[in-house]
Amino acid sequence: MDYYRVNQIEERFGKAVKLMTGRAMDSRQLAKDLGVSRPTLLRIIKELKRRGYIIRSVHDDLGWHYELIIPVKLDKSTGQTTVMVKR
């Protein structure tokens, strides 16, 4: 995979995190905002979880949506996560 494509995918991950930070997002709107299909969105969510982000699926009166609980950083060498708090 070339650098441009890898960079594009990484930017998409970052955009997904920004969109979910501080608000709940349903899969349809999140996929639309990212410019991807819903199956691709599910792969993005799965990868973010693998990287240490805590994302949960919540059902309420409005339907299903995703919530980013705590942004964390995963250290691949140690397997430890660090909470990322913005001040």
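When the residues of the range 71-87 are narrowed to those that are surrounded by 12 or more Cβ atoms within 10 Å (Cβ to Cβ) and closer than 15 Å to Lys18 by Cβ, which ends up modelled with the highest pLDDT? Result: Met84. Against the list (1) β-branched (Val, Ile, Thr); (2) in a strand (DSSP E or B); (3) modelled with pLDDT of 85 or more, the condition Ile9 fails is (2).
Selection of the range 45-57 for residues being surrounded by fewer than 19 Cβ atoms within 10 Å (Cβ to Cβ) and more than 12 Å from Ser27 (Cβ to Cβ) yields Lys46, Glu47, Lys49, Arg50, Arg51, Ile54, Arg56.
Of the residues making up the range 22-36, those that are surrounded by 11 or more Cβ atoms within 10 Å (Cβ to Cβ) and within 19 Å of Glu10 (Cβ to Cβ) are Leu30, Ala31, Asp33, Leu34, Val36. Looking only at the range 1-21, residues that are free of Cβ contacts under 8 Å to residues at least 40 places away in the same chain, of a type outside the set (Lys, Arg) and either in contact with a Phe, Trp or Tyr (Cβ under 6 Å, 6 or more places away or on another chain) or within 15 Å of Tyr53 (Cα to Cα) (or both) come to 5 in all.
Restricting the search to the range 28-51, which residues are farther than 21 Å from Gly63 by Cα and part of a loop (DSSP other than H, G, I, E, B)? It would help to see each step written out before you state the result.
Taking the range 28-51 first, the residues farther than 21 Å from Gly63 by Cα are 35, 47-51.
The answer is Gly35, Arg51.
Candidates Leu62, Leu42: the one that is out of contact with any His (no Cβ under 6 Å at 6 or more places or on another chain) and at pLDDT 85 or above is Leu42.
Filtering the range 22-46 to residues that are over 14 Å from Tyr66 (Cα atoms) and either of a type in the set (Ser, Thr, Tyr) or in contact (Cβ under 8 Å) with a residue 24 or more places away in the chain (or both) leaves Val36, Ser37, Thr40. Among the residues of the range 58-68, those identified as surrounded by 11 or more Cβ atoms within 10 Å (Cβ to Cβ) and of a type in the set (A, V, I, L, M) are Val58, Leu68.
The values are calculated or read from the model by the stated rules, or taken from the named source; none is laboratory data. Every value quoted in this text rests on a predicted model; they were computed, and no experiment measured them. Positions of Cβ are generated from backbone atoms using ideal geometry, with glycine treated the same way; all protein chains shown enter the neighbour counts.
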